[in-house]
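Here's the structure, in structure tokens; my notes come after.
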There are 2 protein chains.
Amino acid sequence: MSTPLHISISEQLRHQIEVGEYRSGDRLPSEHQLMETFSVSRITARQAMANLVSQGLAIAYRGKGVFVTPQKKVTYSLSSPLVFLDHDMARQGVAFTFENLVFEPTLAPAAVATVLGIPPKASVYLQKKLLRMDGAAGAVDVSYLVADLGERFASLLEQQMSFPTLAKNGIPLDRVDAVVECTHADYDLSGYLEVPLGHALMVYRYTAYTRDQRPVLHGATISRADRFCYSLSTRAEPG
Amino acid sequence: MSTPLHISISEQLRHQIEVGEYRSGDRLPSEHQLMETFSVSRITARQAMANLVSQGLAIAYRGKGVFVTPQKKVTYSLSSPLVFLDHDMARQGVAFTFENLVFEPTLAPAAVATVLGIPPKASVYLQKKLLRMDGAAGAVDVSYLVADLGERFASLLEQQMSFPTLAKNGIPLDRVDAVVECTHADYDLSGYLEVPLGHALMVYRYTAYTRDQRPVLHGATISRADRFCYSLSTRAEPG
DNA sequence: AAACTCAACTTGTTATAACAAGTTGAGTGA
DNA sequence: TCACTCAACTTGTTATAACAAGTTGAGTTT
């Protein structure tokens, strides 16, 4: 056997999870139990558990144990991000809550100013939101809104998502340019989103334009990969 | 200080990477050097390195050292996946190579048969491809194509991407429904894609329909998160 | 000059040990 | 009954130790 012991153990546990021997939310054997079952040291048992955690299959809680990760995903449609609605999400069986962390005027960072087409260090509104799904953290959103619209809709934006709020209040949007990528949780984000260090996160970077092609909103939604996915439908150009 | 030593060390290294003190591809201090620099045991030094690896900031090679991960990303446009072209990618400064791993008729798994609207265990063509970027593995693609089209374009499909090949050869597509999600590399995929266990991967699941609304192609592209991202532009509905 | 050997590095695996810190439930006391 | 204490669990952090295995370059041999 050239495969390490900790790999053998974690692969065996992974198989047991996949065939349903351990179900979502179940507690896996403790390190001590693994030590006895496989006759290995705690380091090896621990490494096996770390493998499962790094694969997103389990999550460890100090004092409690290691539990199989629930894989309940919610789909966010990129084909129509302009009509994102709470009840559209509730239909998927998840209770959503927004928590406004920050909403204040600030000086635009260089990169943001470039995208929004305003002078560097011009005034913009910075908004940070935390999205909870069934009470647990699901995503954080950091966005910059041009100053005039920020002032105009300050009271509304502190409680709602940006796209529909703008569209419903006399600021029809023309389009949203976006990039979807994937990253690993750093120390800060792992704390915010309640995931282990290195956990996979989805990043949705967006820039919204009004009908006169003015970029007014630029930001990123960083969401837990185990709770979020994006759907879209692309039509072929006629011809 | 309640923050663990290994976190302090990895955060310090992370900062040095971010400010450019260590550049892409540079070798980080060895475990032995960290032990002396910070007066810690090898376990702690090792844990600090593991933190960087799990965050995708570095990658370790046995016998060689730990190196800062190059973050060269290629963008794939979801707004027009039907016209994916090699030269469109080459424009981004990366040399692409397709490696056909599998192309053979097989029996459709239940889930695939459902999506393609064919009887369970009907015949389909299974294709597995490996996409290399500048020689290094970038993505794997696993797709199922309905039998009649598989037979018709067998010779072509062994060398090219699916969407443009179909569109260019008399099978105009109507649309592609897709879901973008994110996962962690399991033991198999980490070997294929040359990434550490648990590394973030993007998953692009797609179903392509012809103009008569017939689903003909269903599959998934699994790509390295550090080398791939997706872009799209969403227009507001007129009205 | 070419090929081989090998010491000195590197990270990977595994064991033993101790203490810290969070959670839980049984038992004790008021 | 209620509240408190605490033992017995859990995972987290850290140290010391040894060997395995891959890489590299200096040195030797051919």
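The values are calculated or read from the model by the stated rules, or taken from the named source; none is laboratory data. The model shown is predicted, which means the values in this text are computed figures rather than measured ones. Positions of Cβ are backbone-derived with ideal geometry, glycine not excepted, and every protein chain shown enters the neighbour counts. Only protein heavy atoms, including side chains, enter the accessible area calculation; ligands, DNA and RNA are left aside. Shrake-Rupley method; radii C 1.70, N 1.55, O 1.52, S 1.80 Å.
Between A:Thr97 and B:Leu107, what is the FRET efficiency for a Förster distance of 60 Å, r being their Cβ-Cβ separation, to the nearest 0.05?
The formula returns an efficiency of 0.85 here.
Cα extents of the protein assembly as shown along the three principal axes, largest first, in whole Å?
64, 61, 44
Summing -39500 (n - 2.57) over the DSSP H runs of n ≥ 4 in chain B and dividing by its residue number, what mean residue ellipticity at 222 nm do you reach, to the nearest 500 deg cm²/dmol?
Value at 222 nm, helices only, nearest 500: -7500 deg cm²/dmol.
Only four residue types carry charge here, +1 at the Cβ of Lys and Arg and -1 at the Cβ of Asp and Glu. Report the dipole size of chain B about the Cα centre in Debye, rounded to the nearest 20.
120 debye
Once ligands and nucleic acids are excluded and a 1.4 Å probe is used, how much of B:His199 is accessible, expressed in Å² to the nearest 10?
About 10 Å², rounded to the nearest 10.
Mind listing the label-point distances from B:Glu158 to the same position on all other copies, shortest first, one decimal in nm, points 7 Å along Cα→Cβ?
Once sorted, the set of distances for B:Glu158 reads 6.7 nm.
Which value in Å is the Kirkwood Rh of segment A:136-239 over different Cα pairs?
After inverting the pairwise mean of 1/r, the radius is 15.4 Å.
Quick one: compute a quarter of the convex hull surface over the Cα atoms of segment B:105-150 and quote it in nm².
3.6 nm²
I want to verify the translational diffusion coefficient of segment B:5-68 in µm²/s; compute it with Stokes-Einstein, Rh as the Kirkwood radius over Cα pairs, at 20 °C and 1.002 mPa s.
Answer, rounded: 187 µm²/s.
Quick one: in segment B:1-157, what % of C-alpha pairs are over 23 Å apart?
When every Cα pair of segment B:1-157 is considered, 59 percent fall beyond 23 Å.
If each of A:Ile7 and A:His32 carries a label point 7 Å out from its Cα toward its Cβ, how far apart are those two points in nm?
Here the answer is 3.1 nm between the modelled labels.
Given the options B:Ser30, B:Ala111, B:Leu57, identify the residue whose Cα lies farthest towards the positive end of the charge dipole of chain B (+1 on Cβ of Lys, Arg; -1 on Cβ of Asp, Glu).
Value: B:Ser30.
Pairs of alpha-carbon atoms within less than 8 angstrom and 6+ residues apart define the contacts here; what relative contact order does chain A have, in percent?
18 percent
If I compute solvent accessible area with a 1.4 Å probe over the protein chains, what percent of it on chain B is carbon and sulfur?
So the carbon and sulfur contribution to the accessible surface is 52 percent.
Quick one: buried accessible area between B and A, total over both chains, 1.4 angstrom probe, nearest 100 Å²?
So the total buried area for this chain pair works out to about 3800 Å².
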